[in-house]
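Notes for the one structure printed next.
The values are calculated or read from the model by the stated rules, or taken from the named source; none is laboratory data. Not measured: the values here are computed from a predicted model. FYI the Cβ positions are ideal-geometry reconstructions off the backbone, even for glycines, and counts take in every protein chain you see.
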């Protein structure tokens, strides 16, 4: 016998509410586990700030990725774009720290524009378009450097990003939290955010409603390009160099955080707060693994298992 729609709706609503509550609870449990296993080492101020600094690069990209996935798209090229953008900034905009930052952001946004044009106007499937960027941007990085990192120690402002603090808070953590706040406002308090979700929910209905679907699709890839550029500056500051081998696997971390946070891979449902908790959950898990000297291979296996589990839970909630 078919279940009445009126009874299905409350159950679906309860599942969504439970998913929203699950990650904050998981974060609390992970903090408790870390305190029990490693005591003062885990719960020290330095370790917690370090955790946020480590999460700042993938977390900043994850905020932009939330908008892309909200439209039903995906960007597999963010790790390669991060490396290529920093290299372009370091090679062609090396006149000063702020010039490097501008050049890196410009390069990342430019590569985002290429993705946006391919998806929105050439109508190439996002998986294919961004997979092409995944390969070509990494190739650009290797070609420009001949596989040798570009040192940024002569750019003092950039080189201090990883260690500089404002009122005791590391700069990368401040930047990450600011991106989270701006992303939340953009998604939840602007017409643009509503259009992004509407396009992901039903493109044809959005088009009939007067939303410029192609422009929205184009813009989310430019937006994730901007976030990737910011992350590239943070990464370059922490390493004091621009290298063609950084950012490998970064797209997996960003996508996993977004999906774990509750944004639907099918589009039409997204949450910046959920993405933030997804980033923090990943950061806590791998911080605990590192403190307990768990091998990197095991960490990679866990990344895949967590992502698969998150998608499975999301499918059950649909």
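Structure data summary
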| read-out | value |
| --- | --- |
| Residue 202, sole failed condition from (1) touching a helix residue (DSSP H, G or I) at 6+ places or on another chain (Cβ under 6 Å); (2) closer than 21 Å to residue 74 by Cβ; (3) in contact (Cβ under 8 Å) with a residue 40 or more places away in the chain | (1) |
| Search result, residues across the stretch 186-208 that are closer than 21 Å to residue 123 by Cα and surrounded by fewer than 18 Cβ atoms within 10 Å (Cβ to Cβ) | 201, 202, 204, 205, 207, 208 |
| Criterion: touching a residue at least 24 places away in the same chain (Cβ under 8 Å), outside any helix (DSSP H, G or I), within 18 Å of the chain's Cα centre (by Cα) and buried (at least 16 other Cβ atoms within 10 Å of the Cβ) - qualifying residue of 246, 180, 258 | 246 |
| Any hit, the stretch 123-136, residues being surrounded by 15 or more Cβ atoms within 10 Å (Cβ to Cβ) and more than 19 Å from residue 61 (Cβ to Cβ) | yes |
| Test set (1) in contact with a helix residue (DSSP H, G or I) (Cβ under 6 Å, 6 or more places away or on another chain); (2) under 15 Å from residue 158 (Cβ atoms); (3) assigned to a loop (DSSP other than H, G, I, E, B) - residue 101 fails condition number | (3) |
| Test for residue 161: is it farther than 30 Å from residue 94 by Cβ, part of a loop (DSSP other than H, G, I, E, B) and touching a helix residue (DSSP H, G or I) at 6+ places or on another chain (Cβ under 6 Å) | no |
| So residue 51, is it within 24 Å of the chain's Cα centre (by Cα) and either in contact (Cβ under 8 Å) with a residue 24 or more places away in the chain or within 22 Å of residue 238 (Cα to Cα) (or both) | yes |
| Hits in the stretch 98-108 - residues which are surrounded by fewer than 20 Cβ atoms within 10 Å (Cβ to Cβ) and touching a residue at least 24 places away in the same chain (Cβ under 8 Å) | 98, 106 |
| Flag for residue 82 being in contact with a helix residue (DSSP H, G or I) (Cβ under 6 Å, 6 or more places away or on another chain) and at pLDDT 95 or above | yes |
| Where residue 111 falls short, out of the listed (1) in contact with a strand residue (DSSP E or B) (Cβ under 9 Å, 6 or more places away or on another chain); (2) at pLDDT 95 or above | (1) |
| Per-region count, the stretch 157-167, residues over 21 Å from residue 228 (Cβ atoms) and either in contact (Cβ under 8 Å) with a residue 12 or more places away in the chain or touching a strand residue (DSSP E or B) at 6+ places or on another chain (Cβ under 6 Å) (or both) | 1 |
| Top-ranked residue in the stretch 137-156 [being part of a helix (DSSP H, G or I) and touching a residue at least 12 places away in the same chain (Cβ under 8 Å); ranked as surrounded by the most Cβ atoms within 10 Å (Cβ to Cβ)] | 137 |
